[in-house]
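Notes to accompany the following structure.
The values are calculated or read from the model by the stated rules, or taken from the named source; none is laboratory data. In this text, all values refer to a predicted model and were calculated from it rather than measured experimentally. Every residue, glycine among them, receives a Cβ derived from its backbone with ideal geometry; neighbour counts consider all protein chains shown. Heavy atoms of the whole protein, side chains included, go into the accessibility calculation; ligands, DNA and RNA do not. Shrake-Rupley method; radii C 1.70, N 1.55, O 1.52, S 1.80 Å.
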Amino acid sequence: MTRRRYSPVPFAQVKLTSPFWRERLETVLTRTIPSQHAKLAEVGALESLKLPQPPPPLRIPRNSHGLSTQIFWDSDVGKWIEAASYALAHRRDADIEAKIDAIVDDLARAQSPDGYLNSWYNGREPEKRWTNLRDNHELYNAGHLLEGAIAYFRATGRRKMLDVMERYVDHIGTMFGRGPGQKRGYPGHQEIELALVKLYRLTGDRRRLDLAAYFIDERGHQPHYYTEEALARGDDPASYWAGTYEYNQSHIPVREQTRMVGHAVRAMYMASAMADLALELGDENLKRACEALWRDVTTAQMYVTAGLGPKDTNEGFTEPYDLPNETAYAETCASVALIFWAHRMLHLDLDGRYAEVMELALFNGALTGLARDGVHYFYANPLESRGGRRRWAWHVCPCCTMNVSRLVASVAGYALSVSEDGVALHLYGGFETTVTLAGVKVAVRETSAYPWSCEVRIDIDPEAPATFDLKLRIPEWAKGAIAAVNGEKVALAPVNGYATIRRRWRKGDAVTLDLKMPAERIYAHPNVRMDVGRTALRRGPLIYCVEEADNPGGPVQTLALPRSAPLDAGWRTDLFGGVMTLKASAKRLVPGKGAGALYSTEPPAAEDAALVALPYHLWANRGPGSMQVWVAELDG
Ligand SMILES: [Zn+2]
């Protein structure tokens, strides 16, 4: 049986005091969320919910496969409502709530009498609903709207949207399943499974959990649903545009999958749902399937930034160790969804491996997707650029924009977990909460300037003296971490990445933790051919990059770092409101004799150069210029 020991402390119960995250959160609240609503209006996504008749011409033309990304506008709206609702937990906002209520009214009006709700099908081709689960995102749209409804209900107590969505889920529950007359279908883009588990946790309605389990377990069985469905439409299943059911992880049943394949975001949502179900159902077999996939992703298919999916054509995975830097796809959504998965794995087993990846993706692969100004984005997150990659203000497929805003608005929910007699800290940086431990109310306040500083203070204030565990995550890079309780040094003996301090805690107790945070070099497995002879720089949870703005004098690709050159961390107040940069004495490679020739028998000369690196998530916030994470390394 899976033991349900540690549960997350929901973000709304955690006060975010972290200077790092407060600043990002403020940008998301004041700029990102309002601007996203304006964009959804501008592109027509909000208008489409009003079901104008006749429907206006397509704003996004069909592609060569006959598909328009407009078909998943509902998901963008749902995700915006979710992000905005998380923002409301920090600060109620009548204007935002009025905007959400207006959308909810439109959704209620658009809903069919039988509960079905999809702006594309209701507005354009109602006779074709549920005929192409493989491509047309109906269940995905439903999932995101449902997550939005749950978040809005939790934030405001208003249940109109939740009622609308419960009716829709009732409809879906009658439509799909193994009963007589039901379709044996499942989502072409996984997502609704996560939403259904959330709905089950909110309402206790077991049918929602069963439906999520059905969608996960039916996936990939023979006869293959998408083949049958294509035949029923009169299409040739062999002409499937993606070429393989690996694309949506339906090539074999999920419990038999040991290698992560196909579209990365679909894969991450599926794995997140598998972990949810393993926990809720105590399903050890499903848990083992999650663990096998986790091993595969983290030992052979993940970028050093926790980006996932190197290839653009399938927006996903290729072969083990195939991690090209300049052409990396590494969709922001995939790193956000990796955080969802890691967070769920962490609650199957309180193991620092999961928290490590969760934090890596948070500070790097995911956060990179949002510009400092809060209104520009990256969809793909390459680890190298020759200068042509710029952030965009919107995307024909804006999935990543609301994924990163809902993440930042709820980031405090990833910080801590509790059991009956323990509190575990996964993230540092400034988080406060009050939880019940060993039957006593306890205020837990963590204060630090993490990730810039490794010095952490934790104040523990129980209403009455109480004995419980304080579990501190000791990251893999924090070698030699030390701690003290009320000034008295305590031995740290981390087990599975967590050091446990168990004692009778009293009001006013304070723990100090020094994680040690050296700037260090990272090397890739030699099978990652693109990174051979290269090193990446890291300090704490932050992966660094070199950008031309800090390294003038030519493309950063001509910089090389001697292996023995010390790395100096230095605080810069003049950049981005304060940032820790890394500096080293490096070399710039210039043509040797025969300058100007494309090839020469002379090796290039190496001129002295100062290398300046800054956190990867901050790149492309200044003018155009080259960037590189993996820097060439020189002997010496
Ligand atoms: Zn995306």
When every protein chain stays in place and a 1.4 Å probe is rolled, I100, I60 sorted by accessible area with the largest first are I60, I100
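Cα-Cα over 19 Å: which of K441/K489; K15/K160; K50/K183; K79/K160; K39/K79; K441/K507? Working shown, then result.
Numbers: K441/K489 26 Å; K15/K160 28 Å; K50/K183 29 Å; K79/K160 17 Å; K39/K79 13 Å; K441/K507 11 Å.
Too far apart for the 19 Å limit: K441/K489; K15/K160; K50/K183.
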Using the alpha-carbon centroid of each, what span in Å lies between segment 355-407 and segment 86-164? 25
Suppose a student asked you for the relative contact order of segment 515-609, using Cα pairs under 8 Å spaced at least 6 residues apart; what percent would you report? 19
To the nearest 10 square angstrom, what accessible area does D101 show with a 1.4 Å probe? 50
Heavy-atom accessible area with a 1.4 angstrom probe orders T174, T433, most exposed first, as T174, T433
Putting +1 on Lys and Arg Cβ atoms and -1 on Asp and Glu Cβ atoms, find which of Q182, T203, H171 reaches farthest to the positive end of the dipole of segment 123-262. T203
Segment 333-350 versus segment 602-616: alpha-carbon centroid distance in Å: 37
Can you put W452, W571, W241 in order of accessible area, largest first, using a 1.4 Å probe? W571, W241, W452
Expressed as a percent, the accessible surface of the chain that is carbon or sulfur, using a 1.4 Å probe and the full set of protein chains, is 52
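H251 to R5: FRET efficiency via 1/(1 + (r/R0)^6), r the Cβ-Cβ distance, R0 45 Å, to the nearest 0.05?
0.85
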Segment 172-221 and segment 8-22: distance between their alpha carbon centers, rounded to Å: 32
I want the local charge near M274. Using Cβ-Cβ distances under 12 Å, sum +1 for each Lys or Arg and -1 for each Asp or Glu among the other residues. -1
Which aspartates and glutamates does K516 reach when only Cα atoms under 15 Å apart count, and residues fewer than 8 places away in its own chain are ignored? E455, E476, D568
List the trypsin sites (Lys or Arg not before Pro) within segment 566-633 that DSSP assigns to loop and that have no more than 12 neighbouring Cβ atoms inside 10 Å. K593
Length-normalised contact order of the chain, Cα under 8 Å, at least 6 apart, in percent, tallies to 13
Determine the dipole magnitude for segment 378-490: charges of +1 sit on the beta-carbon of Lys and Arg, -1 on that of Asp and Glu, nothing else is charged, the reference point is the Cα centre, and the result goes in debye to the nearest 20. 840
Over the chain, with the other protein chains present, what is the accessible area per residue in square angstrom, probe 1.4 angstrom? 37
Calculate, in nm to one decimal, what T601 and Q182 gain on full extension: separation in residues at 0.36 nm each, minus their alpha carbon distance. 143.7 nm
Note the direction-averaged projected area, equal to a quarter of the hull surface, for the Cα convex hull of the chain, in nm². 30.0
Can you compute the label reach from C397? Point 7 Å from Cα along the Cβ direction, backbone N cut-off under 14 Å, restricted to segment 366-388. 379-381
